[in-house]
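The values are calculated or read from the model by the stated rules, or taken from the named source; none is laboratory data. Fair warning: this is a prediction, and the values are worked out from it, not measured in the lab. Every residue, glycine as well, gets a Cβ built from its backbone with ideal geometry; the counts of neighbours run over all protein chains shown. Keep in mind that these areas ignore ligands, DNA and RNA; they rest on the heavy atoms of the full protein, side chains included. Shrake-Rupley method; radii C 1.70, N 1.55, O 1.52, S 1.80 Å.
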Amino acid sequence: MTQINENYLNLQGSYLFAEVARRTAAYKAAHAGQEVISLGIGDVSRPLVPAVVDAMKQACDEMGRADTFRGYGPYEGYDFLRQAIVEHDYRARGVNIGEDEIFVSDGAKSDVANFQELFSSQARVALQDPVYPVYLDTNVMAGRSGLYKNGEFERIIYLPCTQENGFAPQLPQQTADLVYLCSPNNPTGAALTKEQLQTWVDWANEHHAVILYDSAYEAFIRDENLPHSIFEIPGAQKCAVEFRSFSKTAGFTGTRCAYCVVPKALKVKDGSGTEHAVNALWMRRQSTKFNGVPYIVQRGAEAVFSPQGLEQTRQIIDGYLDNARVMLTALRRAGFAAYGGENAPYVWLKTPRGMDSWEFFDLMLNKLQIVGTPGSGFGRAGEGYFRLTAFNTPQLTQQAAQRIAAFTF
Ligand code: PLP
(Lines give C-alpha, C1' and ligand atoms only; values in the text may rest on other atoms or scores of the structure.)
Protein backbone atom coordinates (compact mmCIF):
# COMPACT_ATOMS: atom_id res chain seq x y z
CA MET A 1 0.00 0.00 0.00
CA THR A 2 1.34 3.39 -0.98
CA GLN A 3 1.45 5.80 1.93
CA ILE A 4 1.64 9.52 1.68
CA ASN A 5 4.59 11.52 3.02
CA GLU A 6 2.94 12.55 6.26
CA ASN A 7 5.19 15.55 6.65
CA TYR A 8 3.03 17.22 4.03
CA LEU A 9 0.00 16.77 6.26
CA ASN A 10 1.83 18.82 8.86
CA LEU A 11 1.86 21.91 6.62
CA GLN A 12 -0.38 24.74 7.70
CA GLY A 13 -2.73 26.01 4.97
CA SER A 14 -1.33 28.73 2.72
CA TYR A 15 -4.26 30.79 3.79
CA LEU A 16 -2.72 34.25 3.54
CA PHE A 17 -2.81 35.26 -0.13
CA ALA A 18 -5.89 33.16 -0.87
CA GLU A 19 -7.78 34.92 1.91
CA VAL A 20 -6.53 38.35 0.79
CA ALA A 21 -7.76 37.56 -2.75
CA ARG A 22 -11.10 36.24 -1.46
CA ARG A 23 -11.89 39.29 0.68
CA THR A 24 -10.75 41.68 -2.09
CA ALA A 25 -12.90 39.94 -4.72
CA ALA A 26 -15.94 39.98 -2.43
CA TYR A 27 -15.46 43.69 -1.77
CA LYS A 28 -15.09 44.50 -5.47
CA ALA A 29 -18.17 42.46 -6.35
CA ALA A 30 -20.23 44.41 -3.82
CA HIS A 31 -18.77 47.83 -4.77
CA ALA A 32 -18.53 47.94 -8.55
CA GLY A 33 -17.00 51.16 -9.80
CA GLN A 34 -14.78 51.81 -6.75
CA GLU A 35 -11.07 51.76 -7.46
CA VAL A 36 -9.27 49.33 -5.18
CA ILE A 37 -5.50 49.95 -5.04
CA SER A 38 -3.34 46.89 -4.49
CA LEU A 39 -0.27 47.39 -2.35
CA GLY A 40 -0.42 43.75 -1.39
CA ILE A 41 1.50 41.57 -3.79
CA GLY A 42 5.27 41.29 -3.88
CA ASP A 43 5.51 41.36 -7.66
CA VAL A 44 7.11 44.02 -9.81
CA SER A 45 5.05 46.23 -12.14
CA ARG A 46 7.72 47.73 -14.40
CA PRO A 47 8.76 45.82 -17.56
CA LEU A 48 12.18 44.40 -18.38
CA VAL A 49 14.66 47.15 -19.28
CA PRO A 50 15.72 47.68 -22.94
CA ALA A 51 19.26 46.37 -22.35
CA VAL A 52 17.83 43.03 -21.18
CA VAL A 53 15.22 42.80 -23.93
CA ASP A 54 17.83 43.51 -26.64
CA ALA A 55 20.18 40.86 -25.26
CA MET A 56 17.39 38.30 -25.13
CA LYS A 57 16.30 39.07 -28.71
CA GLN A 58 19.85 38.57 -29.90
CA ALA A 59 20.11 35.30 -27.98
CA CYS A 60 16.82 34.23 -29.50
CA ASP A 61 18.23 34.81 -32.99
CA GLU A 62 21.30 32.74 -32.06
CA MET A 63 19.04 29.88 -31.01
CA GLY A 64 17.39 29.96 -34.43
CA ARG A 65 20.63 29.50 -36.39
CA ALA A 66 22.34 26.14 -36.78
CA ASP A 67 25.84 27.51 -36.14
CA THR A 68 24.91 29.29 -32.88
CA PHE A 69 22.14 27.03 -31.57
CA ARG A 70 22.65 25.64 -28.06
CA GLY A 71 21.03 22.67 -26.40
CA TYR A 72 21.48 21.72 -22.73
CA GLY A 73 23.71 24.21 -20.97
CA PRO A 74 25.93 23.73 -17.93
CA TYR A 75 23.94 22.78 -14.80
CA GLU A 76 25.62 25.53 -12.83
CA GLY A 77 25.13 28.26 -15.45
CA TYR A 78 27.11 29.64 -18.38
CA ASP A 79 30.56 31.05 -17.65
CA PHE A 80 29.65 34.43 -19.16
CA LEU A 81 26.96 34.96 -16.51
CA ARG A 82 28.95 33.54 -13.62
CA GLN A 83 31.87 35.80 -14.54
CA ALA A 84 29.61 38.86 -14.72
CA ILE A 85 28.13 38.00 -11.30
CA VAL A 86 31.55 37.54 -9.69
CA GLU A 87 32.85 40.76 -11.21
CA HIS A 88 29.93 43.08 -10.47
CA ASP A 89 28.23 41.66 -7.40
CA TYR A 90 31.37 40.61 -5.51
CA ARG A 91 34.81 41.79 -6.74
CA ALA A 92 33.47 45.33 -7.25
CA ARG A 93 32.68 45.30 -3.51
CA GLY A 94 36.04 43.83 -2.56
CA VAL A 95 34.66 40.32 -2.00
CA ASN A 96 36.68 37.45 -3.37
CA ILE A 97 34.29 34.79 -4.71
CA GLY A 98 35.28 32.30 -7.42
CA GLU A 99 33.18 31.56 -10.50
CA ASP A 100 33.03 27.93 -9.41
CA GLU A 101 31.26 29.07 -6.25
CA ILE A 102 28.32 30.52 -8.25
CA PHE A 103 25.33 28.34 -9.22
CA VAL A 104 22.80 29.94 -11.59
CA SER A 105 19.20 28.82 -11.08
CA ASP A 106 15.61 29.51 -12.05
CA GLY A 107 14.81 31.33 -8.81
CA ALA A 108 15.77 32.10 -5.27
CA LYS A 109 12.55 30.38 -4.26
CA SER A 110 13.73 27.02 -5.60
CA ASP A 111 17.21 27.53 -4.16
CA VAL A 112 16.09 28.46 -0.64
CA ALA A 113 13.54 25.66 -0.79
CA ASN A 114 15.96 23.00 -2.04
CA PHE A 115 19.13 23.78 -0.17
CA GLN A 116 17.98 22.17 3.08
CA GLU A 117 18.14 18.76 1.33
CA LEU A 118 21.90 18.72 1.89
CA PHE A 119 21.55 18.60 5.66
CA SER A 120 20.49 15.94 8.13
CA SER A 121 16.79 15.48 8.75
CA GLN A 122 17.62 15.96 12.45
CA ALA A 123 19.11 19.44 11.91
CA ARG A 124 17.52 22.09 14.11
CA VAL A 125 16.24 25.03 12.08
CA ALA A 126 16.05 28.64 13.26
CA LEU A 127 14.25 31.34 11.35
CA GLN A 128 13.13 34.91 11.67
CA ASP A 129 9.55 35.59 12.61
CA PRO A 130 7.96 37.18 10.57
CA VAL A 131 9.62 36.02 7.34
CA TYR A 132 9.14 34.67 3.81
CA PRO A 133 7.17 31.44 4.47
CA VAL A 134 9.15 29.15 2.11
CA TYR A 135 11.94 28.44 4.63
CA LEU A 136 9.51 27.08 7.16
CA ASP A 137 7.28 25.11 4.80
CA THR A 138 10.14 23.33 3.06
CA ASN A 139 11.56 22.24 6.40
CA VAL A 140 8.12 21.00 7.43
CA MET A 141 8.01 18.96 4.19
CA ALA A 142 11.45 17.56 5.03
CA GLY A 143 10.29 16.44 8.47
CA ARG A 144 12.40 18.81 10.58
CA SER A 145 9.57 20.76 12.21
CA GLY A 146 7.94 18.45 14.73
CA LEU A 147 4.21 18.91 15.27
CA TYR A 148 2.27 22.14 15.09
CA LYS A 149 1.00 23.10 18.57
CA ASN A 150 -0.41 26.38 19.86
CA GLY A 151 0.53 28.26 16.69
CA GLU A 152 4.13 27.02 16.49
CA PHE A 153 6.09 24.00 15.31
CA GLU A 154 7.75 22.19 18.21
CA ARG A 155 11.23 21.78 16.71
CA ILE A 156 11.50 25.12 14.90
CA ILE A 157 13.40 27.89 16.67
CA TYR A 158 11.60 31.16 16.01
CA LEU A 159 13.61 34.38 16.16
CA PRO A 160 11.07 37.18 16.73
CA CYS A 161 11.73 40.44 14.89
CA THR A 162 9.60 43.17 16.39
CA GLN A 163 9.60 46.89 17.22
CA GLU A 164 11.24 46.01 20.54
CA ASN A 165 14.42 44.60 18.94
CA GLY A 166 14.47 46.86 15.89
CA PHE A 167 13.29 43.91 13.74
CA ALA A 168 16.72 42.25 14.09
CA PRO A 169 16.86 38.56 15.05
CA GLN A 170 18.69 37.78 18.28
CA LEU A 171 21.02 34.77 18.65
CA PRO A 172 19.11 31.63 19.68
CA GLN A 173 19.40 30.30 23.23
CA GLN A 174 19.14 26.69 22.05
CA THR A 175 21.35 24.76 19.63
CA ALA A 176 20.52 25.60 16.03
CA ASP A 177 22.15 23.98 13.00
CA LEU A 178 20.58 25.82 10.07
CA VAL A 179 19.71 29.50 10.36
CA TYR A 180 17.78 31.33 7.68
CA LEU A 181 18.48 35.06 7.59
CA CYS A 182 16.68 37.32 5.14
CA SER A 183 18.14 40.81 4.69
CA PRO A 184 16.59 43.12 3.67
CA ASN A 185 13.76 41.16 5.18
CA ASN A 186 10.45 40.34 3.57
CA PRO A 187 8.09 41.51 5.13
CA THR A 188 9.63 43.97 7.63
CA GLY A 189 11.98 45.73 5.19
CA ALA A 190 14.68 45.69 7.91
CA ALA A 191 18.29 45.19 6.79
CA LEU A 192 21.00 43.77 9.03
CA THR A 193 24.06 45.91 9.74
CA LYS A 194 27.65 44.67 9.38
CA GLU A 195 27.95 44.45 13.16
CA GLN A 196 24.76 42.42 13.49
CA LEU A 197 25.84 40.07 10.71
CA GLN A 198 29.31 39.72 12.21
CA THR A 199 27.67 38.55 15.45
CA TRP A 200 25.78 35.89 13.49
CA VAL A 201 28.84 34.78 11.53
CA ASP A 202 30.96 34.49 14.69
CA TRP A 203 28.20 32.55 16.42
CA ALA A 204 27.77 30.20 13.41
CA ASN A 205 31.50 29.50 13.21
CA GLU A 206 31.70 28.87 16.93
CA HIS A 207 28.70 26.49 16.89
CA HIS A 208 29.35 24.87 13.48
CA ALA A 209 25.99 26.13 12.24
CA VAL A 210 25.22 27.06 8.64
CA ILE A 211 23.61 30.40 7.72
CA LEU A 212 21.35 30.35 4.68
CA TYR A 213 21.38 34.02 3.73
CA ASP A 214 18.63 35.30 1.44
CA SER A 215 19.47 38.67 -0.07
CA ALA A 216 16.84 38.71 -2.82
CA TYR A 217 16.26 42.43 -2.07
CA GLU A 218 19.91 43.44 -1.88
CA ALA A 219 19.56 45.84 -4.86
CA PHE A 220 17.25 48.04 -2.78
CA ILE A 221 19.94 48.82 -0.21
CA ARG A 222 20.84 52.50 -0.45
CA ASP A 223 22.51 53.03 2.93
CA GLU A 224 26.21 52.81 2.12
CA ASN A 225 27.07 51.34 5.49
CA LEU A 226 24.84 48.29 5.07
CA PRO A 227 26.31 45.08 3.65
CA HIS A 228 24.87 43.77 0.36
CA SER A 229 26.40 40.35 0.86
CA ILE A 230 27.13 38.21 3.90
CA PHE A 231 30.54 37.60 2.33
CA GLU A 232 31.48 41.19 3.16
CA ILE A 233 31.73 39.83 6.71
CA PRO A 234 35.03 38.16 7.72
CA GLY A 235 34.57 34.44 8.40
CA ALA A 236 31.33 34.13 6.40
CA GLN A 237 32.79 31.88 3.69
CA LYS A 238 33.21 29.16 6.32
CA CYS A 239 29.61 29.20 7.50
CA ALA A 240 27.24 30.73 4.92
CA VAL A 241 25.48 30.24 1.62
CA GLU A 242 23.96 33.27 -0.12
CA PHE A 243 20.87 33.43 -2.34
CA ARG A 244 20.32 36.22 -4.85
CA SER A 245 17.80 36.80 -7.58
CA PHE A 246 17.23 38.89 -10.69
CA SER A 247 13.50 38.92 -9.86
CA LYS A 248 13.27 42.15 -7.91
CA THR A 249 16.63 43.50 -9.06
CA ALA A 250 15.71 43.52 -12.73
CA GLY A 251 12.05 42.57 -13.10
CA PHE A 252 12.72 38.84 -13.72
CA THR A 253 9.79 37.53 -11.63
CA GLY A 254 8.27 36.00 -14.75
CA THR A 255 11.51 35.50 -16.69
CA ARG A 256 13.18 33.46 -13.88
CA CYS A 257 16.85 33.72 -13.08
CA ALA A 258 18.70 33.71 -9.77
CA TYR A 259 21.87 32.32 -8.30
CA CYS A 260 23.35 31.02 -5.11
CA VAL A 261 26.88 31.30 -3.82
CA VAL A 262 28.33 28.25 -2.10
CA PRO A 263 31.89 28.95 -0.93
CA LYS A 264 34.37 26.11 -1.22
CA ALA A 265 35.48 26.85 2.34
CA LEU A 266 32.08 25.78 3.69
CA LYS A 267 32.42 22.24 5.10
CA VAL A 268 29.90 20.22 7.08
CA LYS A 269 30.57 16.96 8.97
CA ASP A 270 28.82 13.63 8.53
CA GLY A 271 27.81 11.40 11.46
CA SER A 272 31.33 9.98 11.79
CA GLY A 273 32.96 13.41 11.90
CA THR A 274 34.34 13.50 8.35
CA GLU A 275 34.05 16.90 6.66
CA HIS A 276 32.35 17.39 3.30
CA ALA A 277 32.46 20.38 0.98
CA VAL A 278 28.93 21.73 0.60
CA ASN A 279 29.87 23.20 -2.81
CA ALA A 280 30.55 19.72 -4.25
CA LEU A 281 27.33 18.31 -2.79
CA TRP A 282 25.25 21.17 -4.18
CA MET A 283 26.82 20.58 -7.61
CA ARG A 284 25.89 16.91 -7.27
CA ARG A 285 22.34 17.81 -6.30
CA GLN A 286 21.87 20.33 -9.10
CA SER A 287 23.32 18.07 -11.79
CA THR A 288 20.93 15.32 -10.71
CA LYS A 289 17.75 17.33 -10.32
CA PHE A 290 18.14 20.44 -12.48
CA ASN A 291 18.96 21.06 -16.12
CA GLY A 292 19.88 24.71 -16.06
CA VAL A 293 18.36 28.06 -16.97
CA PRO A 294 17.57 28.85 -20.64
CA TYR A 295 20.45 30.39 -22.60
CA ILE A 296 18.21 33.29 -23.67
CA VAL A 297 17.37 34.10 -20.06
CA GLN A 298 21.01 33.91 -18.95
CA ARG A 299 21.98 36.35 -21.73
CA GLY A 300 19.23 38.66 -20.45
CA ALA A 301 20.60 38.37 -16.90
CA GLU A 302 24.14 39.07 -18.14
CA ALA A 303 22.86 42.30 -19.73
CA VAL A 304 21.73 43.53 -16.29
CA PHE A 305 25.46 44.06 -15.61
CA SER A 306 26.16 46.05 -18.81
CA PRO A 307 26.58 49.82 -18.25
CA GLN A 308 23.12 50.44 -19.76
CA GLY A 309 21.57 47.54 -17.83
CA LEU A 310 22.99 48.79 -14.53
CA GLU A 311 21.72 52.32 -15.15
CA GLN A 312 18.28 51.26 -16.40
CA THR A 313 17.61 48.81 -13.56
CA ARG A 314 18.85 51.32 -10.98
CA GLN A 315 16.31 53.86 -12.23
CA ILE A 316 13.50 51.37 -11.80
CA ILE A 317 14.54 50.48 -8.27
CA ASP A 318 14.85 54.19 -7.46
CA GLY A 319 11.25 54.56 -8.67
CA TYR A 320 10.06 51.80 -6.33
CA LEU A 321 12.00 53.36 -3.46
CA ASP A 322 10.31 56.70 -4.22
CA ASN A 323 6.96 54.91 -3.86
CA ALA A 324 8.09 53.52 -0.52
CA ARG A 325 9.07 57.02 0.63
CA VAL A 326 5.64 58.37 -0.37
CA MET A 327 3.95 55.66 1.71
CA LEU A 328 6.27 56.10 4.69
CA THR A 329 5.70 59.86 4.74
CA ALA A 330 1.92 59.54 4.50
CA LEU A 331 1.80 56.88 7.20
CA ARG A 332 4.03 58.75 9.63
CA ARG A 333 2.04 61.96 9.12
CA ALA A 334 -1.08 59.97 9.90
CA GLY A 335 0.52 58.96 13.20
CA PHE A 336 1.59 55.40 12.35
CA ALA A 337 4.76 53.73 13.50
CA ALA A 338 6.02 52.72 10.04
CA TYR A 339 9.26 50.90 9.26
CA GLY A 340 11.30 49.50 6.36
CA GLY A 341 10.92 51.11 2.95
CA GLU A 342 14.36 52.76 2.93
CA ASN A 343 16.49 49.81 1.85
CA ALA A 344 13.66 47.51 0.79
CA PRO A 345 10.46 47.60 -1.27
CA TYR A 346 8.35 46.82 1.81
CA VAL A 347 6.80 49.18 4.32
CA TRP A 348 5.87 47.56 7.61
CA LEU A 349 3.51 49.33 9.94
CA LYS A 350 2.11 48.80 13.41
CA THR A 351 -1.65 48.65 13.35
CA PRO A 352 -3.39 51.42 15.34
CA ARG A 353 -5.23 50.98 18.62
CA GLY A 354 -4.14 47.36 19.10
CA MET A 355 -6.09 46.10 16.09
CA ASP A 356 -5.08 42.68 14.86
CA SER A 357 -3.64 42.35 11.35
CA TRP A 358 -6.87 41.09 9.74
CA GLU A 359 -9.04 43.75 11.41
CA PHE A 360 -6.74 46.36 9.97
CA PHE A 361 -6.83 44.64 6.55
CA ASP A 362 -10.64 44.98 6.58
CA LEU A 363 -10.47 48.61 7.64
CA MET A 364 -8.03 49.48 4.83
CA LEU A 365 -10.14 47.64 2.27
CA ASN A 366 -13.56 48.85 3.40
CA LYS A 367 -12.75 52.47 4.27
CA LEU A 368 -9.80 53.31 2.00
CA GLN A 369 -10.04 50.70 -0.77
CA ILE A 370 -6.38 49.79 -0.25
CA VAL A 371 -5.22 46.17 -0.19
CA GLY A 372 -2.17 45.26 1.87
CA THR A 373 -0.98 42.06 3.53
CA PRO A 374 -1.74 41.15 7.16
CA GLY A 375 1.52 40.75 9.05
CA SER A 376 0.24 37.72 10.94
CA GLY A 377 0.44 35.75 7.67
CA PHE A 378 4.26 35.89 7.87
CA GLY A 379 4.50 34.43 11.35
CA ARG A 380 3.14 34.87 14.87
CA ALA A 381 5.38 37.84 15.64
CA GLY A 382 3.83 39.62 12.62
CA GLU A 383 0.48 39.86 14.41
CA GLY A 384 -0.50 43.49 14.87
CA TYR A 385 1.53 44.57 11.83
CA PHE A 386 0.69 45.16 8.18
CA ARG A 387 2.78 45.10 4.97
CA LEU A 388 2.47 47.52 2.08
CA THR A 389 4.59 47.09 -1.04
CA ALA A 390 6.25 49.74 -3.19
CA PHE A 391 5.72 47.89 -6.46
CA ASN A 392 2.59 49.67 -7.72
CA THR A 393 2.77 52.64 -10.11
CA PRO A 394 3.76 56.09 -8.76
CA GLN A 395 0.26 57.37 -9.62
CA LEU A 396 -1.63 54.71 -7.67
CA THR A 397 0.86 54.88 -4.80
CA GLN A 398 0.25 58.65 -4.58
CA GLN A 399 -3.49 58.06 -4.60
CA ALA A 400 -3.17 55.53 -1.80
CA ALA A 401 -1.08 58.03 0.18
CA GLN A 402 -3.78 60.69 -0.30
CA ARG A 403 -6.45 58.32 0.95
CA ILE A 404 -4.36 57.62 4.05
CA ALA A 405 -3.79 61.34 4.63
CA ALA A 406 -7.51 62.10 4.37
CA PHE A 407 -8.65 59.42 6.82
CA THR A 408 -8.83 59.54 10.61
CA PHE A 409 -7.64 56.20 11.96
N1 PLP B 1 13.31 35.30 -1.23
C2 PLP B 1 12.49 36.23 -0.73
C3 PLP B 1 12.77 36.81 0.60
C4 PLP B 1 11.37 36.64 -1.45
O5 PLP B 1 10.53 37.55 -0.94
C6 PLP B 1 11.12 36.07 -2.73
C7 PLP B 1 9.95 36.45 -3.53
O8 PLP B 1 9.05 37.13 -3.16
C9 PLP B 1 12.00 35.11 -3.18
C10 PLP B 1 13.09 34.74 -2.42
C11 PLP B 1 11.76 34.42 -4.49
O12 PLP B 1 12.53 34.94 -5.51
P13 PLP B 1 12.53 34.30 -6.96
O14 PLP B 1 11.55 35.07 -7.78
O15 PLP B 1 13.96 34.50 -7.42
O16 PLP B 1 12.17 32.87 -6.87
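Probe 1.4 Å, all protein chains in place: accessible area of R70 in Å², nearest 10?
80
How high is the relative contact order of the chain? Use alpha-carbon pairs under 8 Å, at least six apart in sequence, and give a whole percent.
Relative contact order, the chain: 23 percent.
Taking the Cα centre of the chain as the origin, how large is its charge dipole in debye, to the nearest 20, when only Lys and Arg (+1) and Asp and Glu (-1) carry charge on their Cβ atoms?
That gives the chain a dipole magnitude of about 800 debye.
Could you pull out the longest piece of the chain with no exposed loop GluC sites (Glu not before Pro) in it, calling a site exposed if DSSP puts it outside H, G, I, E, B and it has at most 16 other Cβ atoms within 10 Å?
225-409
Go ahead and estimate [θ] at 222 nm for the chain from helices alone: -39,500 (n - 2.57) per DSSP H run with n ≥ 4, summed, over the residue count, rounded to 500.
For the chain, the value works out to -10500 deg cm²/dmol.
Under 15 Å between alpha carbons: how many lysine pairs meet that in the chain, if sequence neighbours fewer than 8 apart on the same chain are excluded? Write down the numbers at each step before the final one.
Working: K28/K367; K109/K248; K238/K264; K238/K267; K238/K269.
Pairs that pass both the separation and distance tests number 5.
Roughly speaking, to the nearest percent, how much of the range 194-320's 1.4 Å accessible area is carbon and sulfur?
The computed percentage sits at 50.
State the answer as a single residue: which of V371, Q399, S357 lies farthest towards the positive end of the charge dipole of the range 324-409, with beta carbon charges of +1 for Lys and Arg and -1 for Asp and Glu, about the Cα centre.
It is Q399, whose Cα lies furthest towards the positive end.
For the range 187-281, with only Lys/Arg (+1) and Asp/Glu (-1) charged at the beta-carbon, what is the dipole magnitude about the Cα centre, in debye rounded to 20?
Around 340 debye, computed over the range 187-281.
Whole number in Å², please: accessible area per residue of the range 1-153, 1.4 Å probe, ligands, DNA and RNA not counted.
Working: 8180 Å² over 153 residues.
So the range 1-153 comes to 53 Å² accessible per residue, rounded to a whole number.
Please report the antiparallel percentage of the DSSP beta bridges confined to the chain, to the nearest 5.
Numbers: 23 of 41 bridges.
Roughly 55 percent of the beta bridges in the chain run antiparallel, per DSSP.
Say the dipole of the range 26-169 comes from +1 at the beta carbon of Lys and Arg and -1 at that of Asp and Glu; which of P74, G98, A26 then lies farthest toward its positive end?
A26
Enter the Cα centre distance for the pair the range 296-360 and the range 74-133, rounded to the nearest angstrom.
Each part reduced to its Cα centre gives a spacing of 23 Å.
Restricting to the range 167-301, compute how many DSSP beta bridges are antiparallel as a %, nearest 5.
Working: 7 of 16 bridges.
So the antiparallel bridges in the range 167-301 amount to around 45 percent.
What part of the accessible area of the range 346-409, given as a whole %, is carbon or sulfur when the probe is 1.4 angstrom?
Taking all protein chains in place, the range 346-409 shows 51 percent carbon and sulfur surface.
Please report the spacing between the Cα centers of the range 225-271 and the range 178-214 in Å, no decimals.
What the calculation gives is 11 Å, centre to centre.
Tell me, what are the semi-axes, in whole angstrom and largest first, of the equivalent ellipsoid of the chain as set by the roots of 5 times the Cα gyration tensor eigenvalues?
33, 28, 21
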